[in-house]
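Written below as structure tokens is the structure these notes are about.
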Amino acid sequence: MGRCLGVDVGEVRVGVAESDPDGILATPVDTLPRDHEPTKTDVYAVARLAAERGARVVYVGLPRSMSGTEGEAARRARGYARELAVLLAPGSVRLVDERLTTVQSHRQLYASGRAGRQHRAVVDQVAAVLILQGALDAERSTGALPGDVVTAVGRKPRTKERS
């Protein structure tokens, strides 16, 4: 199977989870501050984690409404996934439905006894775990990779200045 990453893209933070090498269990990795500047340190950090862990697939959560429509948050997630796909090309980045993962994350944190004010630091990691675990379970039950493939449009940004 191989390792996979799950990513929950928020306006302020990005949660990251990873699977075990057999692709059975998702566990939290990190919460990164979202970088809206051209430096995009969060996107580069996720790409670095994927490379270091040898991830075969990175699943990015796509927040849709209950009716299936997409709003501003989904547009941001799609853009993030495209940027990640450029950095990981020819790696595999896929968008998977993440309806209600934040609600489920808060419920799990409350159930574990964590106070509401302490959720902010880890809720994005828990959401990333739920995104990834759902994708792993879907893949195991169907034998196919879930979600929509994100194609790398453009080219990798330059890392050195031209002289």
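Values quoted throughout were computed directly from the atomic coordinates according to the rules given, and no laboratory measurement underlies them. Every value quoted in this text rests on a predicted model; they were computed, and no experiment measured them. Every residue, glycine as well, gets a Cβ built from its backbone with ideal geometry; the counts of neighbours run over all protein chains shown.
Efficiency by 1/(1 + (r/R0)^6): what FRET value for T41 and E72, r their Cβ-Cβ distance, R0 = 30 Å, to the nearest 0.05? Could you put the intermediate results ahead of the total?
Values: r = 22 Å, r/R0 = 0.74.
Efficiency at R0 = 30 Å is approximately 0.85.
Using a 10 Å cut-off on Cβ atoms, rank the peptides 41-49, 125-133 from the highest mean neighbour count down. Intermediate values should be presented prior to the final figure.
Values: 41-49: 18.9, 125-133: 26.7.
Those peptides, ordered most packed to least, come out 125-133, 41-49.
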